[in-house]
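The structure appears right after this line, and notes come after that.
Every read-out reported here was derived from the displayed coordinates using simple, explicitly stated rules and does not represent laboratory data. None of these values were measured; they are calculated from a predicted model. So basically every Cβ, Gly included, is an ideal-geometry build from the backbone, and we count neighbours across all protein chains shown.
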Amino acid sequence: MKIIDVKYNATNNELVRTKTLVKNSIVEIDTTPFKEWYKIHYGVDLSLKKDKVVLGSKKSSRHVQEKEKRAKLQTLDKNIED
């Protein structure tokens, strides 16, 4: 996981300006590893628009069938979708 930036710190704005990591800081992270895991696990590419969702090819293995079931049942939170 890669930390990109410190966005907010309730204690002191100087810590945000100097990008100091302390407890209770809000940081921006690189989401690429999470998007890759989500695509592998659910078969949904989060980087594509909603109407361009791509599922895996139609294989008959039980693993792929379970992945397709999860993809049909899953719903994205409104904030993640935006």
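The residue that is nearest to T75 (Cα to Cα), counting only those in the range 8-43 that are touching a helix residue (DSSP H, G or I) at 6+ places or on another chain (Cβ under 9 Å) and in a loop (DSSP other than H, G, I, E, B), is G43. Remark: pairs (first residue in the range 23-34, of a type in the set (A, V, I, L, M); second residue surrounded by 13 or more Cβ atoms within 10 Å (Cβ to Cβ); Cβ separation under 8 Å; 6+ apart in sequence or on different chains) = I26/V6; I26/N9; V27/V6.
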